[in-house]
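Let me begin by presenting the structure, written as structure tokens, before commenting on it.
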């Protein structure tokens, strides 16, 4: 187990290194720079600016400098927001994004599993059909359309929830719902099909023959076995919620990290793009490792070990 | 006085499918006495398993439906029981062993946990008492190192061990009746013998009645007191093991016995199978279900279904050849 974790962490660092390298060079290959939008900058000022931010150095030196920065967790200053560093922006934006993401994640997991289980238990009855209708809508309507739709009805028409901004719990409801819609739908469908398969298994019949009631059979014997593929999906789900948040945060005007990321790209704010990318990559890689560990907790047949060893 | 622990009267079970109503069990009568081992034999699709699962009302309803008949267990009709009432009978008074031990155990729960569930539910045991009882049961079914095994998962058990664990689960609450649905089919031959010995031994120890469902006549000869032969959803012959093996009356039973390999015959001689397939139970035949495959079929067989006729005090067969009138005519 410890050996396995060590190995995994080494691979994680390796993939993070590749991500940093790839983003760095792709970003440099894009034409334009952080100061191209500022009009009428005399050449000497531009040169001074570039010298200040070390943009005049050869590419490989900039790259090595940056790598050093990442290792010491100093992601550099923002080119556009002169007053703050990237570290500041992350510590300012991430709590908001994490709150929104966690809320959406919990909603997606619990909502999706509940919908899926109900649909499977009431197979081919109205509960099944309505749950699957919700799921199809959730899968096929993009989050940003859903977000505007919520804003129109819940905020403008009925005035139940505030339309945008981030000032309290009621502000979090609409964006969480918009962000969670797709994963809820996906998890519901996944859970339903797995539950149906598991409920047809022989061991469910064994459980029935023991005289257990339906609730015990469902909770103890069926759901646990049906959840394995859902756990597999949690890794990609994390990525979905992170990237989904970019758009949703913009629509609802939420001061999260996703919004900073989107703005930084249009501004060619090199250090912010790099910083947020690295940060998101770390979250994702750690998340995937956690998912793999979660597997062993649910399925005793899976042991984390080196290939070929028990 | 002999005590009938189970009596099945005129049981009809159907499944409603898109194609129509499949009449899987069409009027089955039989009984099981206390401490007796009864075999139900017949080829695939003849209604053996459906009958067995109906006894515990384990068939999915819908699409399944008990159309008619009674299942008297200790004199109480199970057909009218609600699902809640059945839950207190399943596992406590009637235990069941299934065919494939590889899929009949839950892969995410420990063996001990799966044995304990029934004990906690039916005998109100505490977890630690149930655990101790589970270890006892594992010892009883011959699993070595039960203290260690009780905390292991099914994937750490071999096929034979899993079937032993299944038997431990089924016998946990000392049921009066044990239904074993092809308990040895998925095991290899040496393990089969071990499992059968174990079941025989436990039957004596606990005085349990057994209904053994199988298509392996060798297993029947080894285990059982009486045999029920089923064909196309009906009982076509019943009798003691000796009756059935030495004096079979129904052409189907004779055919079944002929198709078993024997040690005393020339090995080069091919086995004699029963040609053809069982009738489609979506549209069951009017007459005897075996007519189309029967060597001695007569016109009456196509038009009228024979009743079970007494051959002796222990044996009955449903065939026009054994009808009292036919006997008279043959005699005159």
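How far apart, in nanometres, would the label points at residue B:72 and residue A:30 be if each is projected 7 angstrom from Cα along the Cα-to-Cβ direction?
Result: 8.5 nm between the two label points.
Which whole-number percent gives the relative contact order of the range A:117-231, counting Cα pairs below 8 Å spaced six or more residues apart?
Values: 97 pairs, mean separation 33.1, N = 115.
Relative CO of the range A:117-231 lands at 29 percent.
For the range B:114-189, just say rounded, prolate or oblate: build the C-alpha gyration tensor, square-root its eigenvalues into a ≥ b ≥ c, call rounded for a/c under 1.5, and beyond that prolate if a/b exceeds b/c, oblate if not. Display every interim value, and only then the final one.
Numbers: a/c = 2.26, a/b = 1.28, b/c = 1.76.
Since a/c reaches 1.5 but b/c is at least a/b, the shape of the range B:114-189 is classed as oblate.
Counting partner chain Cβ atoms within 10 Å of every residue's Cβ in A:196-208, what's the average?
On the way: counts 0, 0, 1, 1, 1, 4, 9, 10, 2, 9, 15, 10, 11.
Counting Cβ atoms of other protein chains within 10 Å of each residue's Cβ and averaging gives 6.
Quick check on packing: order B:82-88, A:245-251 by the mean number of other C-beta atoms within 10 Å, highest mean leading.
On the way: B:82-88: 13.3, A:245-251: 21.6.
Taking the mean over residues of other Cβ atoms within 10 Å, the ranking is A:245-251, B:82-88.
Kirkwood Rh and Cα-based Rg: tell me the resulting Rg over Rh for the protein assembly as shown, rounded to two decimals. Before the final figure, lay out each step's value.
On the way: Rg = 35.1 Å, Rh = 30.2 Å.
Looking at the protein assembly as shown, the ratio lands at 1.16.
Out of A:277, A:243, A:72, any idea which swings most in a Gaussian network model of chain A, alpha carbons joined below 10 Å?
The residue that fluctuates most here is A:72.
Given a Förster distance of 45 angstrom, what is the FRET efficiency for residue A:56 paired with residue A:296, based on the Cβ-Cβ distance and rounded to 0.05? Intermediate results must be reported in sequence, preceding the final value.
On the way: r = 51 Å, r/R0 = 1.14.
Here the calculated transfer efficiency is 0.30.
If you stretched the chain out fully between residue A:133 and residue A:102, how much longer would it get, using 0.36 nm times the residue separation minus the C-alpha to C-alpha distance?
Details: separation 31, 0.36 × 31 = 11.16 nm, distance 2.53 nm.
Length difference between fully extended and current span is 8.6 nm.
Which of A:178, A:281, A:47 moves most in a GNM of chain A, Cα contacts under 10 Å?
Looking only at A:178, A:281, A:47, the largest GNM fluctuation is found for A:47.
Could you check which residue among B:198, B:263, B:137 shows the biggest mean-square fluctuation in a GNM of chain B with a 10 Å Cα cutoff?
Checking each option, the largest mean-square fluctuation is seen for B:263.
Given a Förster radius of 30 Å and the C-beta distance between residue B:264 and residue B:34 as r, what FRET efficiency does 1/(1 + (r/R0)^6) yield to the nearest 0.05? List each step's numbers first, then the result.
Values: r = 36 Å, r/R0 = 1.21.
Approximately 0.25, to the nearest 0.05.
Under 8 Å for C-alpha pairs, at least 6 residues apart: give me the relative contact order for chain A, rounded to a whole percent.
Once divided by the residue count of chain A, the mean separation gives 27 percent.
For the modelled label position 7 Å from the Cα of residue B:4 along Cα-to-Cβ, which residues of the range B:212-238 have backbone nitrogen atoms closer than 19 Å?
B:212, B:225-230, B:234-238
Any chance you could check the Cα centroid distance between the range A:165-211 and the range A:82-102 for me, in angstrom?
30 Å
Defining a contact as two alpha carbons under 8 Å apart and six or more residues distant in sequence, what relative contact order in percent does the range B:125-174 show? Let's see the in-between values first.
Numbers: 25 pairs, mean separation 20.6, N = 50.
The normalised contact order for the range B:125-174 reaches 41 percent.
Using only atoms on other chains, find how many Cβ atoms lie within 10 Å of each Cβ of peptide A:211-217 and report the average.
The shielding value for this peptide is 5.
Please list, short to long, the whole-number percent of alpha-carbon pairs of chain B in consecutive 10 angstrom bins beginning at zero.
P(r) over chain B, rounded to whole percents: 5, 24, 32, 24, 11, 3, 1, 0.
Output the 0 to 90 degree angle, nearest 10, between the alpha-carbon long axis of helix B:189-206 and the longest principal axis computed from the alpha carbons of chain B.
Compared with the principal axis, the helix lies near 80 degrees.
Measuring from label point to label point, each 7 Å out along Cα→Cβ, what is the residue A:216 to residue A:289 span in nm?
4.1 nm
Please compute the Kirkwood hydrodynamic radius of the range A:92-266 from all pairs of different C-alpha atoms, in Å with one decimal. Mind dumping the intermediate values first?
Details: mean 1/r = 0.0577 Å⁻¹.
Final number for the Kirkwood radius of the range A:92-266 is 17.3 Å.
In nanometres, what is the gap between the two model label sites at residue A:21 and residue B:300, each 7 Å from Cα along Cα-to-Cβ?
That separation, rounded to one decimal, is 9.2 nm.
Which distance in Å, rounded to a whole number, links the C-alpha centroids of the range B:160-184 and the range B:270-292?
33 Å
In Å, what Kirkwood hydrodynamic radius results for the range A:1-155 from the alpha-carbon pair distances? The partial results should precede the final answer.
On the way: mean 1/r = 0.0476 Å⁻¹.
Result for the range A:1-155 stands at 21.0 Å.
Can you give the average number of partner chain beta-carbon atoms within 10 Å of each beta-carbon in peptide A:24-30, as a whole number?
On the way: counts 0, 0, 0, 0, 0, 0, 0.
Per residue, the average neighbour count from other chains is 0.
Cut-off is 10 Å between beta-carbons; in what order do B:12, A:221, A:123 appear when sorted fewest neighbours first? Mind dumping the intermediate values first?
Details: B:12 17, A:221 25, A:123 12.
Going from sparsest to densest Cβ surroundings: A:123, B:12, A:221.
Using the Cα atoms as the points, what is the convex hull volume per residue of chain A in Å³?
Numbers: hull volume 53.8 nm³, N = 310.
Given the Cα convex hull of chain A, per-residue volume reads 174 Å³.
Between residue A:13 and residue B:156, how high is the FRET efficiency from 1/(1 + (r/R0)^6) when r is the Cβ-Cβ distance and R₀ = 35 Å? Nearest 0.05.
Working: r = 35 Å, r/R0 = 1.00.
With R0 = 35 Å, the Cβ-Cβ based efficiency is 0.50.
Any read-out appearing in this document is the output of simple, stated calculations on the displayed coordinates, not a laboratory observation. Remember, predicted model here, so these are calculated numbers, not experimental data. Every residue, glycine as well, gets a Cβ built from its backbone with ideal geometry; the counts of neighbours run over all protein chains shown.
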